[in-house]
1. Residues of the range 188-217 being under 21 Å from residue 100 (Cα atoms), outside any helix (DSSP H, G or I), more than 12 Å from the chain's Cα centre (by Cα) and within 16 Å of the ligand (Cβ to nearest atom), which ones?
2. Against the conditions (1) within 16 Å of the ligand (Cβ to nearest atom); (2) in a helix (DSSP H, G or I); (3) in contact with a strand residue (DSSP E or B) (Cβ under 8 Å, 6 or more places away or on another chain), where does residue 102 fall short? Just the number, please.
3. Based on what the data block shows, is residue 375 in a helix (DSSP H, G or I) and at negative phi?
4. Looking at (1) in contact with a helix residue (DSSP H, G or I) (Cβ under 7 Å, 6 or more places away or on another chain); (2) not in a helix (DSSP H, G or I), which is the only condition residue 30 fails?
5. In the range 154-179, how many residues are away from the ligand (no atom under 16 Å from the Cβ) and not in a loop (DSSP other than H, G, I, E, B)?
6. Quick one: residue 299 ticks every box in (1) over 25 Å from the mean Cα position of the chain (by Cα); (2) over 30 Å from residue 210 (Cβ atoms); (3) surrounded by fewer than 15 Cβ atoms within 10 Å (Cβ to Cβ) bar one, so which box is it?
7. Within 16 Å of the ligand (Cβ to nearest atom), surrounded by fewer than 21 Cβ atoms within 10 Å (Cβ to Cβ) and assigned by TED's automatic domain parsing to the domain that holds residue 116 - does that describe any residue in the range 218-226?
8. Taking the conditions exactly as written (over 21 Å from residue 344 (Cβ atoms) and modelled with pLDDT of 95 or more), does residue 51 satisfy them or not?
Ligand SMILES: *Cc1c(COP(=O)(O)O)cnc(C)c1O
């Protein structure tokens with residue numbers, strides 16, 4: 001896409017800013033004031049008054065006059081314990097996984113380097129490539145949102161990407177990939193000297209984690225990094241992501257990390273949450289139970305619903321033969337929900353495979369009931 005020619009209307013200093021940046025749109029956050037917010041895979045539960053008070057005391061005592069130091073190491077140790085970090089692996093922290101995704105692209109920015117990921121997928125993989133000046137190759141999923149193994153392997157052999165991303169489960173489809181397919185992709189990417197990054201942002205809601213495979217077969221995973229985040233777990237506002245991989249490999253990525261990328265407040269909040277991990281685990285159980293309820297209810301309303309291993313559900317709106325097309329119906333249902341103060345994500349235009357699709361974040365039982373009622377009225 002060509003950037004618009006802005007040179008005549010703006011002061012000369014703008015000519016110093018990359019054309020592709022000037023042609024971009026900033027990441028759009030939907031206005032959600034007064035809405036039931038089911039658009040961004042946030043955990044719907046806020047902290048109890050008791051935990052709020054306890055966290056407030058903890059944060060008040062943090063040495064905000066000092067650069068982050070020993071507490072960061074405490075957090076890394078706590079996370080290593082929490083995930084039972086496999087032997088030989090190390091862990092680094094990011095200001096959300098988004099920062100880690102940028103750092104991975106930065107570290108791999110050699111001439112001709114590229115990033116490859118299935119589509120539809122998480123937008124930051126393509127964004128990190130664009131901003132770092134790397135090529136981005138996407139490989140379409142099958143129409144039922146599984147990996148197209150033959151197409152993935154062919155694209156990896158053709159493009160020899162520096163980085164292959166596999167979100168496990170995937171956003172926006174909520175899918176866990178077939179294990180044999182994953183293994184083949186990891187092997188073929190490794191055979192051409194590429195890195196594979198497995199992004200487990202939705203791990204709290206998934207039946208499986210690839211960390212178990214990395215633990216069981218370290219020999220097959222020397223070129224594999226695994227990312228997680230506390231965002232979907234329940235701390236989206238805190239900004240804390242982490243990445244795990246073979247110690248020597250991870251150390252190279254840690255060199256491009258800004259020295260104080262995680263604040264003392266982020267770190268203290270994350271430590272606090274890990275000390276109360278059972279509270280968040282109970283919330284994840286409730287969200288998974290609500291997910292099952294929603295899947296049934298949405299199918300009963302004639303939506304096409306894909307099984308989800310995340311805290312969101314991808315649906316395709318029902319259409320009547322001879323009626324409006326799926327994208328039109330999706331737009332109408334989205335607007336109907338919004339008019340009823342329910343905010344979801346209309347992903348219909350994001351990728352041709354998503355035509356007519358909405359992505360619904362699982363909320364509290366009450367929010368989910370409100371959403372279902374609003375959906376019935378909007379159809
Ligand atoms: C939400 C999300 C992230 C980003 O998480 P942050 O830690 O909040 O930056 C990364 N990957 C996927 C697939 C996501 O959906």
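1. Passing the criteria: 196, 197, 209, 210.
2. Residue 102 satisfies every listed condition except (3).
3. Yes.
4. (1)
5. 7
6. Status for residue 299: all satisfied but (2).
7. No, the conditions are met nowhere in the range 218-226.
8. The answer is yes for residue 51.
The values are calculated or read from the model by the stated rules, or taken from the named source; none is laboratory data. Because the structure is a prediction, the values reported are computed rather than measured. Using ideal geometry, Cβ is built from the backbone for each residue, glycine included, and neighbour counts are taken over all protein chains shown.
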